[in-house]
Amino acid sequence: FPPLQYDIPRSAAQGGGFEQRFWRTSNIPVLGADGSVRQIIHRVEDITALVRLQQTERDHQRDNEALLARAAAARSEVESRNEELAQTHRDLAEHRQLLHEARVRLEAAVSAGDIATFIWELGTDSIHADQNLRAWFRLPADAPAKAALSHYRAAFHPDDLPKVRADAQQVRQLL
């Protein structure tokens, strides 16, 4: 027979109510010499601890399966993120290579075309000039790459100053 739940009453000293209990019953026939049933031995065994242990085992199994599922999902997520990171790394390496190639071509064009380049820092009103711009303004070859804009303005032709100032003001307003 399957386990039988039969709760037993608790005494008032134990708080009253009922205590959940599980029982296993078995009936064993006692046969006579002629083979007929003479008696039945009815046996009842308290298996509450066993049932609770089995329930705990099922709970642990369910918890383990949930943890394994979470671990598998986390592993899959890590593998996916690793692949994304690897792809990003490959893309970055490719873009760095393309940027390097573009820089080499730009430097060749700047050198061949006698083109000057600079970066104007509006906050400090200073210029980061390349070698060609420093040469155009007849600055020494060892002059620092960064200098105040006023240092360059001193070399402008007086007729060009109003236009340069107006253009600089227009750039500042755009930003």
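The values are calculated or read from the model by the stated rules, or taken from the named source; none is laboratory data. These numbers come from a predicted model, not from an experiment. Using ideal geometry, Cβ is built from the backbone for each residue, glycine included, and neighbour counts are taken over all protein chains shown. Heads up: the accessible areas ignore ligands, DNA and RNA and are worked out on the full protein's heavy atoms, side chains in. Shrake-Rupley method; radii C 1.70, N 1.55, O 1.52, S 1.80 Å.
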The correct count of residues that are aromatic (Phe, Trp, Tyr) and open to solvent by 100 Å² or more (accessible area, probe 1.4 Å) in segment 1-38 is 3
Here the qualifying pairs (Cβ atoms under 9 Å; residues six or more apart or on different chains; first in segment 159-175 and of a type in the set (Gly, Ala, Ser); second open to solvent by less than 100 Å² (accessible area, probe 1.4 Å)) come out as Ala168/Trp120; Ala168/Leu149
